[in-house]
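This report refers to the structure that appears directly beneath it.
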Amino acid sequence: MGSILAVSVGIYSVAWWPSLPSLALYFLACLTVSLVAILCRQFSSRHSVYRSTDALRWFVMALWGGCWGLISAHQLLGEQLPGSMDREGFIVTGHIIGLVDSDHQRSRFRFVVEHVQSLDQNREAPKLRLLLLSWYQSEPHRLSPGDSWRLLVRLRRPRGLVNSGAFDYQSWLTQQGISATGYVVTSEHNQVVSQTHHAVWRPLGKRVDIWRTQLREQILEAPLSETGRAIILALSIGDKTHIADQWSRLAQLGIVHLLVISGLHIGLVAGFGFILGLGLSRLFATLLLRSNANLSPIGRWLPPIFALLSAAIYSQLAGFSLATQRALIGVVLLMLAKLLYRRVSPLGCVIWALLLIAISQPLAALNAGFWLSFTAVLTLIFWFFPWHSRRDLGTVRRTAGAQIALMLALLAPSLFVIGRASWLAPIVNLAAVPWVSLVTVPLSLVASLLARHCPEVAIWLWQLADYSILALWFLFDLIPRELGFLESPVPLSPWLFSAVFIAVCGLLVPSGLKVRLASCLPLIALLAAPESEPPLRVTVLDVGQGLSVVIESPDQVLVYDTGPRWNERLGAGDAIVGPYLRARGRQRIDRLVLSHRDNDHAGGLAGLLREVEVGRILPGPSLDTLNQTDSAGYSAIRLILDTKNNPATDNIQQLPLDPLCSSGQRWFWPEIPKDYKDTIEFNVLAPKSNLKISSGQPANNSSCVLLIRWRDQLILLPGDIEKSQEMALLAEQLLPQVALLIAPHHGSKTSSTESFVQQLRPAHVVFSAGYKHHFGHPHSDVVGRYQAVGSSLWYTANQGGVSFIWDTNGALSVETARRLRGAYWWR
């Protein structure tokens, strides 16, 4: 088993390699090391020299495992859109797979490429395999899985925003095997080649996708509650788009794994299939009792075969996602052992599953679900086997103990891969797991099987499943929304992970009280005396085309702008700023400054308020002029400001709003300075208090301009001010030379005038803008002006989130998120 585990580790390790060596050179190195290992072993045996060869053998096996990972990595990069072709147009021919996610604005779907043609006839077309496309149309075409299309598309290389603690979109795209993302360009080239609905012969995958689409339409049209419909869609066909609004609530209760298709459900369905096969085998034995036929093969083969078929069908119905593939591999291992009369230990089964998953999904270790699922499985094995099974414990007590063990074991990985954990999970799962597993899931699946031929019966069963969900939700609503989440009070670090891991192991291992207390000492010491925080940290987050800056002292946090809101479900506030603060061990924002009303600066406000407690809000003047004529991107901001007059607004905190941002406002950290040397001073330089701005007037020059002073270090946050406001500040002689400047208006040519740059002469300038955005920020002339005064330039588009950290001696260090994540697939 050690060699199998070593091969798995070798395959998974490639995911973190900073660069990929030549496959031929690596293969030669593996052969050389293997030869040396064989010679060493022969020398030891001939001369009776005892040396442990296990470690050497495992090292060699890990190297050969890396060979498979390297082959997969080169293939992956070879199928991605080259960076030199980013944002270019192509004519692609292929077919749609999976469910099509459509709304009133666009349709989003996966497209398997069969042929690529570059618009530039002189350039060789890239090798692409799978695209993630959006089609924006006023009257969307009816897109069905399996339909073949010829489309004119504009593509981008897989890329995402990079920040500490936030969801890694680029990693997700890479794991999914996406060659490029992009959108369909309106053109006469867009034509249907063939439609699967009219085809006589259809591959199995296309048939399953059509079945899933039909089921989704039937469930959407069925008379169900909104919550029930969303969960039934997730449990039946793996469609999680409608459950997004409930995601935070499910995570708080610790039941995300229960209300979406996971390994638990694949195993449950396999168990149902096994019982069905067992029942059929006994029925055959009863009917053929008088015959002389040998029925033992039937009794032995039917249950495992039915289990495998049930798990495979459910996995296909769920879209055959990476998570379901991992679960299916585990079921296949167990059933093969049953068929072949092999006695496989639980730990051996896990190790074999690791190997098979590594072969089929070399990048699986990048996925949070991989670590959580294997941690949960190993914990259950540890809890029930070998020593706990010898204890004389009742079923309820043992089950409750297992839930607590799972909560403790998942604490460390949950904190580090998700940012928080649920302490309510053991309590909620005791009731929810049997109810959903034995009532909701069977009703939903039987309804799906009957939906095509008995739609009336299917709707009735879906309604019963809906009632079961509503009954469960009635109990969940009794739990206050403020309870449930456990977050780290200190920044996440390897030291904290090690301390939590030691404490969990000590608590779970059957040992005395002294050992358990001793295992908790490192964690207690780390929480009681955490590593000292730098006196000042300024982080410019990577929010794409927008801005969000986090200023931290050891005791307080200020956030300047919240970044954009991208759609009705997601914005930078809940996707980036909130997770970053959790990773930093911050549960509260002391002051939130909103420079002005534009979506790229204030759109993420609603999401941020749902994620993090905010002490005070300092709004820019333009935020007091919102009305119904503003674009839909501002609706979240308008809703927040309505809390001044509408205390009953749902899901929005009652926040004390400061007077509108205006020049002359000033405050300190701490509020009553004890030692001016360590005091952080905040001064608002603009706009004027008498500034009036209408709802239709551009808000850039009304931006709240904030100057931060710590010792002799000055940081300027000017928002989106343009030339006229820069001239006004220069005329009033309010601008000193600064150590750090956030480039006004993302580096637009309407800002950063020559005199403004010459006056500030910043040591460091950060351009917060989207990667190759159509606005073209920063402008080349602006970049040249800052280079002329010797400024160090930083780009969130290229470097991810950028942190400027001053230590107690005043020395500055700079960290970039992309540099900290140096894997080959980030290139």
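Observations on the model:
- Considering region 203-217, and only residues there that are of a type in the set (D, E, K, R) and modelled with pLDDT under 90, the residue that is most open to solvent (accessible area, probe 1.4 Å) turns out to be R207.
- Cβ-Cβ distances below 6 Å connect the following pairs, each with a first residue in region 1-26 that is open to solvent by 70 Å² or more (accessible area, probe 1.4 Å), a second residue that is assigned to a loop (DSSP other than H, G, I, E, B) and of a type outside the set (S, T, N, Q), and a separation of six or more residues or different chains: W16/A823; P18/G822.
- Candidates S791, S803, filtered to the one that is within 32 Å of the chain's Cα centre (by Cα) and of a type in the set (S, T, N, Q): S803
- Number of positions in region 226-238 that are open to solvent by 10 Å² or more (accessible area, probe 1.4 Å) and under 21 Å from the mean Cα position of the chain (by Cα): 1
Results for (1) in contact with a helix residue (DSSP H, G or I) (Cβ under 7 Å, 6 or more places away or on another chain); (2) of a type in the set (A, V, I, L, M), shown as yes or no for each residue.
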site	(1), (2)
S144	yes, no
L152	no, yes
N163	yes, no
W172	no, no
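- Residues being touching a helix residue (DSSP H, G or I) at 6+ places or on another chain (Cβ under 7 Å), more than 19 Å from A503 (Cα to Cα) and not acidic (D, E) - total across region 515-542: 3
- Across region 241-259, a minimum of one residue is classified as in contact (Cβ under 8 Å) with a residue 40 or more places away in the chain, in contact with a strand residue (DSSP E or B) (Cβ under 8 Å, 6 or more places away or on another chain) and farther than 15 Å from A432 by Cα.
- Scanning region 806-826 for residues that are of a type in the set (A, V, I, L, M) and open to solvent by 20 Å² or more (accessible area, probe 1.4 Å) gives A811, L812, V814, L820.
- Residues of region 603-620 that turn out to be over 23 Å from the mean Cα position of the chain (by Cα), crowded, with 22+ Cβ neighbours inside 10 Å and among the small types (G, A, S), as a count: 1
- Just one of the numbered conditions (1) modelled with pLDDT of 90 or more; (2) open to solvent by less than 10 Å² (accessible area, probe 1.4 Å); (3) in a helix (DSSP H, G or I) is not true of D600: (2).
- Every condition in (1) touching a residue at least 60 places away in the same chain (Cβ under 8 Å); (2) more than 22 Å from D574 (Cβ to Cβ); (3) of a type in the set (A, V, I, L, M); (4) buried (at least 19 other Cβ atoms within 10 Å of the Cβ) is met by V193 except one, and the failing one is (4).
- Selected residue [modelled with pLDDT under 80, open to solvent by 50 Å² or more (accessible area, probe 1.4 Å) and within 30 Å of R398 (Cβ to Cβ)] from L478, L513: L513
- Scoring V559 on the criteria (1) open to solvent by 60 Å² or more (accessible area, probe 1.4 Å); (2) modelled with pLDDT of 85 or more; (3) β-branched (V, I, T) leaves a single failure, condition (1).
- Matching residues, region 449-474, being of a type in the set (A, V, I, L, M, F, W, C), more than 17 Å from R212 (Cβ to Cβ) and either assigned to a helix (DSSP H, G or I) or touching an Asp or Glu at 6+ places or on another chain (Cβ under 8 Å) (or both): V457, I459, W460, L461, L464, A465, I469, L470, A471, L472, W473, F474
- Qualifying residue in region 665-687 (condition: touching a Ser or Thr at 6+ places or on another chain (Cβ under 6 Å), surrounded by fewer than 21 Cβ atoms within 10 Å (Cβ to Cβ) and modelled with pLDDT under 90): yes
- Pairs, first within 13 Å of M727 (Cα to Cα) in region 756-774, second in a strand (DSSP E or B) and at pLDDT 95 or above, C-beta under 8 Å, six or more apart: L760/L716; L760/L741
- Comparison of L119, L132, L81 shows that the only residue that is farther than 30 Å from W352 by Cβ, open to solvent by 40 Å² or more (accessible area, probe 1.4 Å), hydrophobic (A, V, I, L, M, F, W, C) and in contact with a strand residue (DSSP E or B) (Cβ under 7 Å, 6 or more places away or on another chain) is L119.
- Residues located in region 149-188, provided they are part of a loop (DSSP other than H, G, I, E, B), among the small types (G, A, S) and open to solvent by less than 30 Å² (accessible area, probe 1.4 Å): G160, A166, G177, S179
- Note on region 781-805: residues that are open to solvent by 30 Å² or more (accessible area, probe 1.4 Å), under 19 Å from I715 (Cβ atoms) and not hydroxyl-bearing (S, T, Y) amount to 4.
- For region 746-769, the candidate set comprises residues that are outside any loop (DSSP other than H, G, I, E, B), closer than 19 Å to A797 by Cα and out of contact with any Pro (no Cβ under 8 Å at 6 or more places or on another chain); within that set, the residue that is most open to solvent (accessible area, probe 1.4 Å) is H764.
The values are calculated or read from the model by the stated rules, or taken from the named source; none is laboratory data. Computed from a predicted model, the values in this text were never measured in an experiment. Ideal geometry is used to build each Cβ from the backbone, glycine not excepted, and the neighbour counts take in all protein chains shown. Heavy atoms of the whole protein, side chains included, go into the accessibility calculation; ligands, DNA and RNA do not. Shrake-Rupley method; radii C 1.70, N 1.55, O 1.52, S 1.80 Å.
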